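A quick write-up on the structure given underneath.
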Amino acid sequence: MEALFSWQRFWADVPLLLPYFLVTVKIVFWGIGVGLVLGIVLACLRLRHLAWLEPILHIYVSFMRGTPMLVQLLIIFYGLPLVLAAVGVQEAVRWDKMVFVYAAFALNETAFLSEIFRSAILAVPAGQLEAAYAVGLTRWQAYRRIVLPQAWRIALPGFGADFIALFHGTSLAFLVGVIDIMGRAQALGASTHHALEGYLFVALLFIVCSLGLRVGFNYLDRRLAYGR
Amino acid sequence: MLSLKHIRKSFDREEVLRDVSLQVRHGEVVSILGPSGSGKTTLLRCLDFLERADGGELTLDDLHVDLAHAKRRDVLAMRRRTAFVFQNYNLFANKTARENVMEGLVTARGVSPDEARKKAEEALAWVGLLDKAGEYPSRLSGGQQQRIGIARAVVLDPEVIFLDEPTSALDPELVGEVLNVIREVARRGIAMIIVTHEMAFAREVSHHVVFMEGGRVIEEGPPEQIFSQPREERTRTFLKRYLTDSNMYYI
Ligand SMILES: Nc1ncnc2c1ncn2[C@@H]1O[C@H](COP(=O)(O)OP(=O)(O)OP(=O)(O)O)[C@@H](O)[C@H]1O
Ligand SMILES: [Mg+2]
């Protein structure tokens with residue numbers, strides 16, 4: 001009878017799994033990248049309470065924050081190509097399927113990050129914006145140079161936690177058939193009848209990356225302390 | 001030079017400014033006195049469009065704006081020719097003292113960073129804080145922050161500076177250093193409207209004193225007249241209470 005776990009198989013799995021980590025990194029990259037830009041735009045828009053837009057944005061954010069990520073992933077992965085085709089973008093059904101995975105995570109991140117940034121912007125004292133206006137800055141300049149940098153500092157811990165949660169959440173993608181590192185570990189386990197080594201490697205990799213991210217965010221937090 | 005006419009402002013149903021008019025000549029220091037809630041802060045905030053007045057006109061030399069309907073461009077034009085000093089300083093928390101003073105020059109006026117840095121350091125030296133140029137506001141005392149707040153205003157070479165109780169958030173021992181800087185501003189011939197509860201200072205530095213109550217100008221005139229022979233009963237009551245209160249406080 002073979003041992004349940006062997007370090008030999010563990011090391012043999014590493015080169016087979018590691019390339020698939022790139023898939024995870026790409027999902028995180030697009031999720032955070034797009035989510036950050038749209039999230040900040042969304043936060044700024046919502047703070048202006050635009051009469052006709054606000055109810056729509058509110059529903060959007062509530063839906064994305066109030067339903068399981070898996071449900072959103074399934075809806076967007078299977079539904080968005082059809083919706084796009086229906087509105088005239090026929091070639092959408094032939095696009096790389098990964099686009100829709102990125103879109104699902106990005107749209108979800110947009111909602112979560114918009115809430116983090118909205119409360120961070122609200123936490124910047126009103127006097128900061130007023131002082132910026134008083135020295136002659138336009139609204140856009142005042143936000144870009146004074147309010148958003150301070151909001152960014154306030155949002156950082158929440159953003160860090162969200163980043164790490166997304167990183168872990170990407171493993172859901174394998175449920176729509178994406179072979180990320182998680183999917184690859186499972187497939188490897190199924191074909192060799194030794195899944196444990198692969199899963200252990202994935203777990204360790206995620207722990208190391210999470211710790212690395214945390215250290216990075218703590219460093220940023222101290223860098224942006226503005227003397228405090 | 002600066003003239004405000006018929007300024008009105010309500011919050012919800014409450015009329016906070018009821019037809020306030022005021023003149024400020026070149027280089028003139030005007031002090032506004034009045035009890036709490038009389039609308040002094042609201043008046044200054046309306047002049048810098050930090051609050052939207054319901055009515056009134058503002059003329060600054062050739063620039064004439066309707067306070068209630070001013071367009072973005074007029075608001076910006078007015079703000080770029082005036083400056084504001086806040087009760088709680090409102091220095092930019094994410095910028096050093098030097099960057100605070102440079103910000104308006106570089107971003108609003110388009111002055112080159114090198115030129116702005118030179119001007120900012122001159123202004124900081126002028127308020128005696130050049131050695132703190134690289135510090136963030138959170139590391140500075142209230143008095144130092146307010147002096148930088150004044151440097152940030154003066155560096156823009158404004159035609160008039162609005163100061164809302166510039167010393168009332170300060171510990172008593174720090175008030176003097178800030179008042180000294182304001183005296184310097186007056187000596188430079190920059191016009192100011194100062195809301196203050198520092199009666200002795202107002203009397204010394206002002207060319208003109210305005211007493212407000214209930215959103216109206218009750219009485220105005222040269223400081224000797226307002227402080228020694230106020231005509232209105234309400235002014236007399238206010239000054240009497242204020243002077244005895246503050247005497248009791250400081251003795
Ligand atoms: N943003 C606001 N919303 C509602 N009411 C306000 C607002 N700002 C001021 N007020 C009201 O307007 C009135 C005038 O306020 P203001 O701050 O102008 O008085 P003030 O003369 O500066 O008083 P103080 O000497 O206490 O600073 C007060 O009754 C205040 O409650
Ligand atoms: Mg006030």
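Each residue of the stretch B:22-30 in order: what ³J(HN,Hα) in whole Hz does its phi give by Karplus 6.51 cos²θ - 1.76 cosθ + 1.60, θ = phi - 60°, with x for Gly and Pro?
So the Karplus estimates, Gly and Pro as x, are 7, 10, 10, 8, 3, x, 8, 9, 10 Hz.
Using each residue's phi in the stretch B:226-235, evaluate 6.51 cos²θ - 1.76 cosθ + 1.60 at θ = phi - 60° and report the 3J(HN,Hα) Karplus result to the nearest Hz, with x for Gly and Pro.
Calculated HN-Hα couplings, in order: 5, 7, 9, 10, x, 7, 8, 4, 5, 5 Hz.
Would you work out the charge dipole size for the protein assembly as shown about its Cα centre, treating the Cβ of every Lys and Arg as +1 and the Cβ of every Asp and Glu as -1, and quote it to the nearest 20 debye?
Dipole about the Cα centre, nearest 20: 520 debye.
Please list, by residue number, everything in the stretch A:199-220 whose backbone N is under 12 Å from a paramagnetic label point 7 Å out along Cα→Cβ of A:HIS168.
Correct set: A:206-207, A:210-211.
Given the options A:TRP95, A:TRP52, A:TRP152, state which has the largest fluctuation in a GNM of chain A using a 10 Å cut-off (strictly under) for Cα springs.
Result for chain A, Cα springs under 10 Å: A:TRP52 fluctuates most.
Can you compute the modelled spin-label distance between B:LEU63 and A:MET98, with each label point 7 Å from Cα toward Cβ, in nm?
5.4 nm
Which of the peptides B:15-25, A:110-120 is most tightly packed, and how do the rest follow, going by the mean number of other Cβ atoms within 10 Å of each residue?
Highest-to-lowest ranking by the protection proxy: A:110-120, B:15-25.
Quick one: 3J(HN,Hα) in Hz for the stretch B:91-103, Karplus 6.51/-1.76/1.60 with θ = phi - 60°, rounded, Gly and Pro as x.
With coefficients 6.51, -1.76 and 1.60, one gets 5, 5, 5, 9, 10, 6, 3, 4, 5, 4, 6, 6, 3 Hz.
Can you flag which of B:LYS71/B:LYS119; B:LYS40/B:LYS240; A:LYS26/A:LYS97; B:LYS9/B:LYS95; B:LYS5/B:LYS40 are past 24 Å Cα-Cα?
B:LYS71/B:LYS119; B:LYS9/B:LYS95
Compute the distance in nm between two label points, each set 7 Å from the Cα along the Cα-to-Cβ direction, one at B:ARG80 and one at B:GLU204.
Here the answer is 3.7 nm between the modelled labels.
Using a Gaussian network for chain B with springs between C-alpha atoms less than 10 Å apart, which of these wobbles most: B:THR196, B:THR167, B:THR237?
Taking springs between Cα atoms under 10 Å, the residue moving most is B:THR237.
Tell me, what does the Kirkwood hydrodynamic radius of chain B come to in angstroms if you use every pair of distinct C-alpha atoms?
18.7 Å
Relative contact order of chain A: what whole-number percent is it, with Cα pairs under 8 angstrom and at least 6 residues apart?
Once normalised by length, the contact order is 30 percent.
Where does each of B:129-138, B:84-93, A:200-209 land if you order them by average Cβ count within 10 Å, highest first?
B:84-93, B:129-138, A:200-209
I want to check the label-to-label distance for B:PHE11 and A:ALA195. Put each point 7 Å from Cα in the C-beta direction and report it in nm to one decimal.
Result for the modelled spin labels: 6.4 nm.
Which listed residue (A:VAL89, A:ALA155, A:ILE75) has the Cα farthest towards the positive end of the charge dipole for the stretch A:24-181, taking +1 on Lys and Arg C-beta and -1 on Asp and Glu C-beta about the Cα centre?
Final value for the positive-end residue is A:ALA155.
Starting from the exponent 0.38 and prefactor 2.2 Å, build the expected Rg for the protein assembly as shown from its residue count and divide its actual Cα Rg by it.
Taking N as the residue count of the protein assembly as shown, the ratio is 1.32.
If you take the beta carbon distance between B:ALA125 and A:PHE29 as r and set R0 to 60 Å, what does 1/(1 + (r/R0)^6) give as a FRET efficiency, to the nearest 0.05?
0.80
Quick check: residue separation of A:LEU45 and A:ALA187 times 0.36 nm, minus the Cα distance between them. What number comes out in nm?
Additional length available on full extension: 46.7 nm.
Give me the mean projected area, in nm² to one decimal, of the convex hull enclosing the Cα positions of the stretch A:24-181.
Mean projected area of the Cα convex hull: 10.5 nm².
Would you tell me the mean number of C-beta atoms belonging to other protein chains that fall within 10 Å of each C-beta in B:102-109, as a whole number?
Mean partner shielding for this stretch: 5.
Solvent-accessible area per residue for the stretch A:1-155 at a 1.4 Å probe radius, Å²?
Value returned for the stretch A:1-155: 53 Å² of accessible area per residue.
The values are calculated or read from the model by the stated rules, or taken from the named source; none is laboratory data. All figures in this text were calculated on a predicted structure; none of them were measured in a lab. Note: ideal-geometry Cβ built from the backbone for every residue, glycine included; neighbour counts use all protein chains shown. The protein model used for the area step is the full one, side chains on, heavy atoms only, and it has no ligands, DNA or RNA in it. Shrake-Rupley method; radii C 1.70, N 1.55, O 1.52, S 1.80 Å.
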